[in-house]
Amino acid sequence: MVATPKQRHFRQGWLAGFVAILLCLGVSEAQAAETKSLKGVALIIGQSKYKHIAALANPANDARDMAKMLTDLGFDARNVTDRDAAKLKRDLDRFVEDAEGADVAFIYYSGHGIEAGGENYLVPVDADVSSLKNAGEALVPISAVMDELKKTVPVTIVPLPDPKRAQVELASLQDGVPLDALYGVLKALGTEKIPEDPNDLQKVLDSQAERLKKMMAERAALRTDDPEISRLVASADKAIGQGAMVTARKFLDDAVGRIEENSGAVDEAEDLLRQKRIADAAIYAKRADAAALVFDYKSAANDYAKAYSLVEKWDEKLRWNYKNQEAEALNAHGYATGDLDALQHSIEAYRTILNFIPNGEQNRDWAITRNNMAVVLQTIGERETETAHLEEAAVIFRDSLVVFEREKDDRNWAAAQNNLANVLLKIGERESDPKRLNEAVAATRATIEKRPRDKLPLDWAGSQNNLGLALYALSEREPAGEHLTQAEAAYRLALEEYTREKAPVEWAMVENNLGNTLVTLGIQLNDKAKINEAADAFRAALEVRTRETFPVSWATSRLNLGNALSGIARFDMGTATLEEAAAAYNDALTVFTRKRFPMDWASAQNNLGSIYQTLGQRTRDAAKLEQSAAAFQAARQVYVRRKFPQDWAMSYYNLGNTLQLLGGVTDKPEHYSEAVDAYGNALREYKRETNPRQWAMAQAGLGSTLHWLSMSNGDAKTLQDSIAARRAALEILTIEAAPVDWANAQNGIGMSLLNLGNLQRTDKYLNDAEAAFTAALKVFTRESQPLQWAFEQNNIGDVHWNRASYGAGKPEYLKAIEFFENAKQGFTEAGYTIPIPLTDQKIELAKKQMAKM
């Protein structure tokens, strides 16, 4: 079996319609607080009135605002707008001259920009769509300017790759927060820690943009009677707007320091005290916001707790808000660091909030608070081997849904329903019973009903993608492909909204998920076209998911491409496709290390084991089969039965297949006994009621191994057990649902019946054996599977040989020779000539026997 990496739930994103580039040259943020003693020059460029491509409304206005701000900060700032190529180049040349001898040089550009051939270009207003063909002349490269500036002033440039830059700029537009502030947040995070996955980056941008909006909204409510504190807070606001987070925190540290210096003189009157406490709490909260913006959630939680303590007895609304923010910060810290104490304290904070609700009323605030608390419980539960906290979270999400439905709050209802689906999926993945997975699918479908396509097309598409993921997980527990087909349909619907032109990152993700479904469908239905389509989907996704920009997504799609190539290799007898699949898995392992990505590492190890297994089978190379066994055993270092029972069983099933092959290649029967034990372990988890397909495959593998074991011990009982196991498998593996597996089981039954007759020296099993071999030919046709067709011809020839031996005489020998000749042709057509000498020997023996008659 091939393991597919779990896919993350998807959230929507947009691509920016323009590119804004901010280049900071010279001093660090700590120095920026002392710019009065430094010489600073600035060039501000705003490009709005493009003549031949889309005009932009905001850049000229942004440039004016930026010029005013820099002038106020003491910069010698020059503002230019709507420049053609010649003027823009002159402006940059002049700025290089002005920067000579400056302490700080600052360039701000707002307008169209493009990256081509490794160079970043500014787009002048006279450019058109053909300018790329002559980019060096028609556009304005910035590298030469940067090189000249480096000669006279230190230069620091912190660019992001185009997809990330577009995400940052879009977040600024959608959330109405300063672009510079978002770039400052990412700079504080550090280039090496900026999430590679676009969904993880979007989560960071969403949370921090929300925090920035809250800070901006609270400016008017911030009141203080201390003019120095007012000045410090205003300076912090300006620094945040410019992305100077370190400087902002310094101003707020100074403000808090001044508050603490004067705290002893506040108790003169209760009314003044109340105002003072509320004002002081606002400063702590503001410092907490700034700490959270640079991902210092622990400090943020401490300051929110201090703000809460200041207002607890003075303002009910503020105490609720600050305690809630403390809980959120504790959860964020615990999630990011694995600090269980922080997560427990977050739950305690939410329980404190619940005590604020009068008379224990189960209102909307009660439901929202409990819903948030359940998210923390889920985080704790995902890191535990037991499911108690996950179960508790599910109960709370359901309780919240009742309230939101009563209040007709569709937005929060959909959020709670989404959370419920997620936790059910987490529980279901650990259980053999698919009940929770079915519930997760139902919850996802209910979420879709609240997201109509005509009003929320991108949300609707994201939900369709999530539905596909849930259906795919459920399909692993069913014998047929019903849920796989539904998953395929859901992904194709999502792709109607997520086009490559409109949303390339999202399009690539859905293409990847669709490819996983097509591989599984193709293998089950013996449909090479579907597997080829899957490989094309993965290759298309990899055009967007490059290693340089999205290394984790790249590794995931490389691993999945390996799965598709492994499926394609089923239709030929060569090794080139298998070697290509092995290379894809090894590529994935360069990113998926055991320490950082244990589940993905185990998945790649398992799949690499499957490739070595097939290579060893085709080349009869015992060393490859030993590598296969070692890979499956490595995967089980992560796939511990108690935590991952299904994956644990899968690794044992795969190991059984390898050991069975190893027994044949090495002619060592002990490997067959080891394979029987491996299949037995797999069947400890694979039950017919809950995992019918996997149970049937393990039964078929066990039957095959028992057949070969009987060849060494000559035990008729072992052969009878082999036939019984395969017949049990055929109750699930029907020709409609699993044609290849059905045909393989039929062939195996025929071979065991043939051997059983030989052991018991009777012809009573020959008719059933012939019927089984003939049935297999319904799938193993000469056109689609020439090698398997050849083996069936050979086996039917053996049936006629045996009939002749038991007295049927010359007519049966002639039929045997006819089928043996067919088999030789099939082996030749398939390029597999190893059995031909043995087949020739049987033909000669049949002729000699006829000559004696």
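The values are calculated or read from the model by the stated rules, or taken from the named source; none is laboratory data. Every value quoted in this text rests on a predicted model; they were computed, and no experiment measured them. All Cβ positions, glycine included, derive from the backbone under ideal geometry; neighbour counts span all protein chains shown. Side chains included, ligands, DNA and RNA excluded: accessible areas come from the protein's heavy atoms. Shrake-Rupley method; radii C 1.70, N 1.55, O 1.52, S 1.80 Å.
Kindly indicate the residue of region 97-145 that is touching a residue at least 40 places away in the same chain (Cβ under 8 Å) and farther than 20 Å from residue 47 by Cα and also surrounded by the fewest Cβ atoms within 10 Å (Cβ to Cβ) among those meeting that condition.
101
Filter region 292-328 down to the residues that are at pLDDT below 90 and open to solvent by less than 40 Å² (accessible area, probe 1.4 Å) and list them by number.
Correct list: 292, 293, 294, 297.
Six or more apart or on different chains, Cβ under 8 Å: which pairs go from a residue in region 690-719 that's more than 30 Å from residue 484 (Cβ to Cβ) and without any contact (Cβ under 8 Å) to a residue 24 or more places away in the chain to one that's buried (at least 24 other Cβ atoms within 10 Å of the Cβ) and among the aliphatic types (A, V, I, L, M)? Could you list them?
718/706
Exactly one of (1) in contact (Cβ under 8 Å) with a residue 60 or more places away in the chain; (2) open to solvent by less than 30 Å² (accessible area, probe 1.4 Å); (3) in a helix (DSSP H, G or I); (4) not basic (Lys, Arg) is unmet by residue 422. Its number?
Only one criterion is unmet by residue 422, namely (2).
Please go through (1) farther than 28 Å from residue 742 by Cα; (2) in a helix (DSSP H, G or I) for residue 853 and return the number of the only condition it doesn't satisfy.
(2)
Right, residue 465: under 30 Å from residue 643 (Cβ atoms) and surrounded by 22 or more Cβ atoms within 10 Å (Cβ to Cβ) or not?
Working: under 30 Å from residue 643 (Cβ atoms): yes; surrounded by 22 or more Cβ atoms within 10 Å (Cβ to Cβ): yes.
Criteria met by residue 465.
Scan region 346-364 for residues that are in a helix (DSSP H, G or I), touching a residue at least 24 places away in the same chain (Cβ under 8 Å) and under 14 Å from residue 323 (Cα atoms) and report the count. Spell out how you get there, then give the answer.
To start, the set of residues in region 346-364 that are in a helix (DSSP H, G or I) comprises 346-354, 358-360, 364.
Narrowing further to those that are touching a residue at least 24 places away in the same chain (Cβ under 8 Å): 346-347, 349-350, 352-353, 364.
From what's left, under 14 Å from residue 323 (Cα atoms): 346-347, 349-350, 352-353.
Number satisfying all stated conditions: 6.
Considering only region 592-618, state which residues are in contact (Cβ under 8 Å) with a residue 24 or more places away in the chain, open to solvent by 40 Å² or more (accessible area, probe 1.4 Å) and under 18 Å from the mean Cα position of the chain (by Cα).
594, 598, 599
Name the residue, out of 546, 556, that is surrounded by fewer than 24 Cβ atoms within 10 Å (Cβ to Cβ) and either more than 20 Å from residue 518 (Cβ to Cβ) or touching a helix residue (DSSP H, G or I) at 6+ places or on another chain (Cβ under 9 Å) (or both).
Values: 556 fails: surrounded by fewer than 24 Cβ atoms within 10 Å (Cβ to Cβ).
It is 546.
Hand me the list of helices (runs of 4 or more DSSP H) wholly inside region 495-591 holding 2 or more residues that are under 28 Å from residue 743 (Cα atoms) and under 14 Å from the mean Cα position of the chain (by Cα). Spell out how you get there, then give the answer.
Numbers: elements: 504-525, 528-544, 551-568, 576-589.
The qualifying helices (runs of 4 or more DSSP H) are 504-525.
If residue 80 satisfies every condition in (1) touching a Gly at 6+ places or on another chain (Cβ under 7 Å); (2) more than 26 Å from residue 502 (Cβ to Cβ); (3) at pLDDT 80 or above; (4) part of a strand (DSSP E or B) but one, which is the exception?
Only one criterion is unmet by residue 80, namely (1).
May I ask you to verify whether residue 806 is open to solvent by 60 Å² or more (accessible area, probe 1.4 Å) and not acidic (Asp, Glu)? Quick ask: steps written out before the conclusion?
Working: open to solvent by 60 Å² or more (accessible area, probe 1.4 Å): yes; not acidic (Asp, Glu): yes.
Against the criterion (open to solvent by 60 Å² or more (accessible area, probe 1.4 Å) and not acidic (Asp, Glu)), residue 806 qualifies.
How many residues does region 768-795 contain that are open to solvent by less than 40 Å² (accessible area, probe 1.4 Å), outside any loop (DSSP other than H, G, I, E, B) and not polar (S, T, N, Q)?
Summing the residues that are open to solvent by less than 40 Å² (accessible area, probe 1.4 Å), outside any loop (DSSP other than H, G, I, E, B) and not polar (S, T, N, Q) in region 768-795 gives 10.
Would region 726-735 turn up any residue that is buried (at least 17 other Cβ atoms within 10 Å of the Cβ), modelled with pLDDT of 90 or more and touching a Lys or Arg at 6+ places or on another chain (Cβ under 8 Å)?
yes
Can you pull out every residue in region 727-767 that is of a type in the set (Val, Ile, Thr) and assigned to a loop (DSSP other than H, G, I, E, B)? Give the derivation first.
Our first condition is that a residue be of a type in the set (Val, Ile, Thr); within region 727-767, this holds for 732, 734-735, 740, 749, 762.
Within region 727-767, 732, 734, 735, 762 meet the criteria.
Could you please tell me which pairs satisfy a Cβ distance under 6 Å, a separation of 6+ or placement on different chains, a first residue in region 737-760 that is more than 16 Å from residue 796 (Cβ to Cβ), and a second residue that is assigned to a helix (DSSP H, G or I)?
Going by the 6 Å Cβ cut-off, the qualifying pairs are 738/524; 745/700; 745/726; 745/729; 756/719; 759/716.
Is it fair to say residue 468 is under 21 Å from the mean Cα position of the chain (by Cα) and within 17 Å of residue 519 (Cβ to Cβ)?
yes
Taking region 435-494, which residues are under 19 Å from residue 521 (Cα atoms) and assigned to a loop (DSSP other than H, G, I, E, B)?
Selection gives 476, 477, 478, 479, 480, 481.
Does residue 695 qualify as being more than 25 Å from residue 802 (Cβ to Cβ), part of a helix (DSSP H, G or I) and open to solvent by 20 Å² or more (accessible area, probe 1.4 Å)? Show your work before the answer.
On the way: more than 25 Å from residue 802 (Cβ to Cβ): yes; part of a helix (DSSP H, G or I): yes; open to solvent by 20 Å² or more (accessible area, probe 1.4 Å): yes.
Against the criterion (more than 25 Å from residue 802 (Cβ to Cβ), part of a helix (DSSP H, G or I) and open to solvent by 20 Å² or more (accessible area, probe 1.4 Å)), residue 695 qualifies.
Could you please give the count of residues in region 56-90 that are out of contact with any strand residue (DSSP E or B) (no Cβ under 9 Å at 6 or more places or on another chain) and open to solvent by less than 70 Å² (accessible area, probe 1.4 Å)?
Going through region 56-90 one residue at a time, the tally reaches 2.
Hey, does region 354-371 have a residue that's surrounded by 18 or more Cβ atoms within 10 Å (Cβ to Cβ) and within 27 Å of the chain's Cα centre (by Cα)? Please lay out each step first, then the result.
As a first pass, look at region 354-371 and keep what is surrounded by 18 or more Cβ atoms within 10 Å (Cβ to Cβ): 366-371.
Pick out the ones that are also within 27 Å of the chain's Cα centre (by Cα) and you get 371.
Looking through region 354-371, at least one residue is surrounded by 18 or more Cβ atoms within 10 Å (Cβ to Cβ) and within 27 Å of the chain's Cα centre (by Cα).
Every residue in region 476-492 that is surrounded by fewer than 19 Cβ atoms within 10 Å (Cβ to Cβ) and over 24 Å from residue 692 (Cα atoms), please.
Hit for region 476-492 is 492, nothing else.
Would a scan of region 811-831 turn up a residue that is part of a helix (DSSP H, G or I), surrounded by 19 or more Cβ atoms within 10 Å (Cβ to Cβ), in contact (Cβ under 8 Å) with a residue 40 or more places away in the chain and of a type in the set (Gly, Ala, Ser)?
yes
Check region 670-677 and report whether any residue there is touching a Ser or Thr at 6+ places or on another chain (Cβ under 9 Å), of a type in the set (D, E, K, R) and either open to solvent by 40 Å² or more (accessible area, probe 1.4 Å) or assigned to a helix (DSSP H, G or I) (or both).
no
Which residues, counting only those in region 619-658, are under 26 Å from the mean Cα position of the chain (by Cα), not in a helix (DSSP H, G or I) and not polar (S, T, N, Q)?
Matches in region 619-658: 636, 638, 639, 640, 641, 642, 643, 644.
Quick check on region 38-79: of everything there that is touching a residue at least 12 places away in the same chain (Cβ under 8 Å) and of a type in the set (Asp, Glu), which residue is farthest from residue 90 (Cα to Cα)?
So in region 38-79, the residues touching a residue at least 12 places away in the same chain (Cβ under 8 Å) come out as 38-54, 56, 58-64, 66-67, 69-70, 73-79.
Now narrow it down to the ones that are of a type in the set (Asp, Glu): 62, 76.
Values: 62: 22, 76: 18 Å.
Among those that are touching a residue at least 12 places away in the same chain (Cβ under 8 Å) and of a type in the set (Asp, Glu), it is 62.
Six or more apart or on different chains, Cβ atoms under 8 Å: show the pairs whose first residue is in region 274-298 and over 25 Å from residue 342 (Cβ atoms) and without any contact (Cβ under 8 Å) to a residue 60 or more places away in the chain and whose second is among the hydrophobic types (A, V, I, L, M, F, W, C) and part of a loop (DSSP other than H, G, I, E, B).
These pairs meet every condition: 274/314; 276/266; 277/266; 277/314; 278/314; 279/222.
Test each condition in (1) open to solvent by 20 Å² or more (accessible area, probe 1.4 Å); (2) of a type in the set (A, V, I, L, M); (3) closer than 27 Å to residue 596 by Cα for residue 564 and report the one that comes out false.
The one condition residue 564 does not meet is (1).
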